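Everything below concerns the one structure shown next.
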Amino acid sequence: MSAIITEQELTSELVIEGFRYWQSKRNGHAIPARADFDPLPEIPGLVRFMMLKDVQRDPLDFRYRLVGTGLLNHMTTDWTGKFMSEVEYQRPPSTIWDYHQRVAETAQPLFIKPNYVGPHKDYLFVESVLLPLGRDHRTVDMIMIFIDFLRQDSRR
């Protein structure tokens, strides 16, 4: 079963708000630029659950630029500054790599709801949106990600 879902299938208010924030910054462009955002004062409650990754081309890779503090609790390692190709289960071929590559190539948001894999056994799913950003409003040079961790009883 694919972890890719539609916008209509989102259940996380956090992810929905993150997507709406991204949409509000498009201003008629295909995709917004990183410079269009000032998340700390604009969405202080969401920043903890936000991640930014640089998109490197030739060869394609993704570097962790920012990892929100609410996400670090669910990670075994702080990957800030690391490339996905340096993380064993994230390098190609991997599903997570494929999701990032798809966003980098299509410049379209991607909604996913994979099973939770992490240190806290009471979580079942991760709901997330990968959002393309580009200096020229066309070519993806960064991916903004909002992530929510869903327990069986829907508490965060």
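The values are calculated or read from the model by the stated rules, or taken from the named source; none is laboratory data. Just so we're clear, the structure is a prediction, and the values are computed from it rather than from any experiment. Positions of Cβ are generated from backbone atoms using ideal geometry, with glycine treated the same way; all protein chains shown enter the neighbour counts. Side chains are part of the model used for accessible areas, which takes the heavy atoms of the whole protein and leaves out ligands, DNA and RNA. Shrake-Rupley method; radii C 1.70, N 1.55, O 1.52, S 1.80 Å.
Quick check on the chain: helices-only [θ] at 222 nm, where DSSP H runs of length 4 and up contribute -39,500 (n - 2.57) each and the sum goes over total residues. Nearest 500, please.
-6000 deg cm²/dmol
DSSP loop GluC sites (Glu not before Pro) in the stretch 7-88 with at most 14 other Cβ atoms within 10 Å of their Cβ, which ones?
Counting only loop positions with at most 14 other Cβ atoms within 10 Å, the GluC sites (Glu not before Pro) in the stretch 7-88 are 88.
Tell me, what ³J(HN,Hα) does each residue in the stretch 64-73 have, in order and in whole Hz, if you take phi through Karplus 6.51 cos²θ - 1.76 cosθ + 1.60 with θ = phi - 60° and put x for Gly and Pro?
5, 9, 9, 10, x, 4, x, 8, 4, 4
Specify whether the C-alpha gyration tensor of the stretch 1-51 places it in the rounded, prolate or oblate class, a ≥ b ≥ c being the square roots of the eigenvalues: rounded for a/c under 1.5, otherwise prolate if a/b is larger than b/c and oblate if not.
It comes out oblate by the Cα gyration axes.
Which lysines have a Cα lying under 20 Å from the Cα of residue 53, excluding residues fewer than 8 positions away in the same chain?
Residue 53 reaches 25, 82, 113.
Toward the positive end of the charge dipole of the stretch 1-137, about the Cα centre and with charges on Cβ (Lys, Arg +1; Asp, Glu -1), which of 19, 110, 55 goes farthest?
The listed residue farthest towards the positive side: 55.
Expected output is a single nm value to one decimal: the length gained when fully extending between residue 91 and residue 106, i.e. 0.36 nm times separation in residues minus the C-alpha distance. What is it?
3.4 nm
Quantify, in whole percent, the carbon and sulfur part of the accessible surface of the stretch 1-87 (1.4 Å probe; protein heavy atoms only).
50 percent
Hey, what do the phi angles of the stretch 34-51 turn into as Karplus ³J(HN,Hα) couplings, whole Hz, using 6.51/-1.76/1.60 and θ = phi - 60°, x for Gly and Pro?
4, 5, 6, 10, 9, x, 4, x, 7, 9, x, x, 9, 4, 4, 10, 10, 9
In Å², and per residue, what accessible area does the chain have when probed at 1.4 Å with the other protein chains present?
Normalised by residue count, the accessible surface of the chain is 54 Å².
Which FRET efficiency value, to the nearest 0.05, is calculated for residue 69 and residue 138 with the Förster distance at 30 angstrom and r the Cβ-Cβ distance?
0.40
The list (i) 0.93; (ii) 1.06; (iii) 1.01 gives values of Rg/Rh (Cα atoms, Kirkwood Rh), and only one came from this structure; which label was calculated from it?
Entry (i).
Net charge within 13 Å of residue 62 by Cβ-Cβ distance, Lys/Arg positive one each and Asp/Glu negative one each, not counting residue 62 itself?
Neighbourhood net charge equals +1.
Using Cα pairs under 8 angstrom and six or more residues apart, how large is the relative contact order of the chain, in percent?
Averaging sequence separation for qualifying contacts and normalising by length gives 29 percent for the chain.
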